[in-house]
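To start, the structure itself, in structure tokens.
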């Protein structure tokens, strides 16, 4: 897979030395710290509403976790079965199926449907093409088996799940994961909307809130001084 095909917002893959990519490394460190005190292997990424950047966050987080060590194996699952996007974002041909096919066909497995991106030490399971209603897939015992298999084989499993408020898919999936990251668009998501979304989750499962698209980053990285820390970004802007 050529890197030039990737969305430039996938900074942990396209520009790992940039300021933006460093923020996902910070998120990785937070996940690793939380993991010391609890079981934290399967992580869902969601948002209150659509268009808040949850898919980009899921991909960037999975890549950051995979880059943490050569010995860490990460599986990224597109569990947004209504509006899948990961295969398109990563320029992956998902003709071989994905999560929907594994759940619906016991002959399908992670080995036959997942895509290994060896260059990034990352494995991708697309959403696939569903033949049943979404709630049938999400309530299938087979889905629990798939996640259990993934839990055994990978150090981290990151699920990109639908937004919480339009549908209840993510609230259901939250029962099968160890933790949930909530992505909100900074200065855009209404506080009431965020509150309603959080009320749908077990508070013990919420790992934290990721603020996306902050127009005023904390470190003011456009200043000349801070550009010294990100030479790759300076070169790309030249």
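The values are calculated or read from the model by the stated rules, or taken from the named source; none is laboratory data. This one's a predicted model, so the numbers in the text were calculated from it and none came from an experiment. Cβ: placed from backbone, ideal geometry, glycine included. Neighbour counts: every protein chain shown.
Results, tabulated for the structure shown:
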item: Residue match in segment 143-153 (condition: part of a loop (DSSP other than H, G, I, E, B) and touching a residue at least 40 places away in the same chain (Cβ under 8 Å)); result: no
item: Exclusive hit being assigned to a strand (DSSP E or B) and touching a residue at least 12 places away in the same chain (Cβ under 8 Å), set 167, 157; result: 157
item: Residue that is nearest to the chain's Cα centre (by Cα), among those in segment 147-176 that are farther than 13 Å from residue 58 by Cα and crowded, with 23+ Cβ neighbours inside 10 Å; result: 170
item: So residue 58, is it modelled with pLDDT of 95 or more and out of contact with any helix residue (DSSP H, G or I) (no Cβ under 7 Å at 6 or more places or on another chain); result: yes
